[in-house]
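Just below is one structure, and these are the notes that go with it.
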Amino acid sequence: VVSTQSTGSSGINAEYGEVINSFFTFDHTMSKFLALILFLAVLVLAVGSSNCSLKKKKLNKKIKQYKKRCLSKGFQSSVGCTSASVNRKLGKKVLKKCQTIEEVLKKCDFSCPVDGGWSDHGGWTDCSADCGGGNQTRSRTCSNPAPAFGGVDCDGEAEESQECNKSQCPINGGWTGWGAWSQCSAQCEEGNQTRKRSCSDPAPAFGGADCVGNGEESQKCNTQPCPVNGGWTSFVAWSQCSTQCGGGSQTRKRSCSNPAPANGGRVCSGNSVESQRCNTNHVR
C-alpha cells in the first residue's frame, strides 16, 4: 500500500490513494506495473493543479509585501508592475528576496494591471472632396501599451475627423443663347448683320475657365440685286416735216433705257414721243 501523505505544496487527495491501493491489491505483476504508472500520473496532476501554494488571504499579504519591500524601493518588476524611481541600487539580499517573492506570485498568476495608452495618430486620409468642403479622418490604436491584466482601456475616441478643402469649387463659364440678328446694313446688294451672346450662364468664378468661342457672329444679308428705276434717254432729232408749207407736223423720240428699269424698278414717267407743227408758212 502506498502512502498518500500531503507534499509541501499540497497533499495528494485521499481519493487518489484509494485508487492506487486498489490497484496494488492485484497479485498479477502487470497489474502492479500499471498501478505504478497511474500513481505517477496522478502525482503529476496533483502537483501541477496546485502551483499556487497560497490561500487568498496569504496571497494578498504577499502582494502587499511585494509592493512595500520591492516595488517601492525600485525593484524592476517582470510581471508588469510599476517600480518607484530611486537613485540607489538594491542590495543583493533584498534583490534575492524580491525575486523569490515574485516567483511565488507568478505561480499564483499574479501580474499588475496595465492600463492602455494611445499610440500617435496616423496620417490624415485623403479629403472626400477636391473643393467645396469635404471630410478626412485619422486614427490611433490603444496599443501604447495595450491594456493587460485587467487594466483599463484607453479613454477617448480612436478616430477623429475634420473638414478639408473648404474653398469654393471653380465655376467654368457657360454661354447664353444667341440674341436676335441686328438690322441688315443694306437693303440690297449684300449687307451684313450680327448677333451676340454672353459668357454668363454661368459666369466664370473662383478661377473657373472662361467660355470657349466668340461672343459675336456675323452673316451676309439682303444679297438680292437692288431695284433699278428706268431713266429716259435724250430725244433724238426731229423727223422731217410732213408738208413743205401751209403747216405740217414732225416728231421726235426718246427711250426708257438710261437705265432700263430692272429688278422691280419703276418705269419712266412721261411720254416717249413728242410732236410739233412745222412749215406753217403759206404758199404765195
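In table form, for the structure just shown:
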| read-out | value |
| --- | --- |
| Within the accessible area of segment 101-198 (1.4 Å probe), percent carbon and sulfur | 43 |
| Estimated vicinal HN-Hα couplings, Hz - segment 123-130 in sequence order (Karplus 6.51, -1.76, 1.60; Gly, Pro = x) | x, 5, 6, 4, 5, 6, 9, 6 |
| Heavy-atom surface of segment 128-284, accessible at 1.4 Å and reported per residue (Å²) | 69 |
| Cα lying deepest toward the dipole's positive end in segment 109-224, options GLY191, GLN168, GLN224, charges on Cβ | GLN224 |
| Burial order of peptide ranges 210-220, 113-123 (average beta-carbon count within 10 Å, highest first) | 113-123, 210-220 |
| Cut-off 11 Å between beta-carbons: net charge of the residues surrounding SER83, Lys and Arg +1, Asp and Glu -1 | +2 |
| Environment charge at GLY117 (Cβ cut-off 12 Å; Lys +1, Arg +1, Asp -1, Glu -1) | -3 |
| Packing rank of 87-97, 186-196, where each peptide gets the mean count of other beta carbons within 10 Å, highest leading | 186-196, 87-97 |
| Accessible heavy-atom area order of TRP124, TRP175, highest first, probe of 1.4 Å | TRP124, TRP175 |
| Relative contact order [Cα under 8 Å, 6+ residues apart], segment 142-283, whole percent | 18 |
| Summed side-chain charge close to ASP153 - residues other than ASP153 whose Cβ falls under 14 Å, Lys, Arg +1, Asp, Glu -1 | -2 |
| Karplus-derived HN-Hα couplings along segment 168-184 (A = 6.51, B = -1.76, C = 1.60, θ = phi - 60°), whole Hz, x at Gly and Pro | 4, 6, x, 10, 7, x, x, 6, 6, x, 5, x, 6, 5, 6, 5, 5 |
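The values are calculated or read from the model by the stated rules, or taken from the named source; none is laboratory data. The structure presented is a predicted model; accordingly, all values stated were derived computationally and were not measured. Ideal geometry is used to build each Cβ from the backbone, glycine not excepted, and the neighbour counts take in all protein chains shown. Ligands, DNA and RNA are stripped out before the accessible areas are found, and what is left, the full protein with its side chains, is counted by its heavy atoms. Shrake-Rupley method; radii C 1.70, N 1.55, O 1.52, S 1.80 Å.
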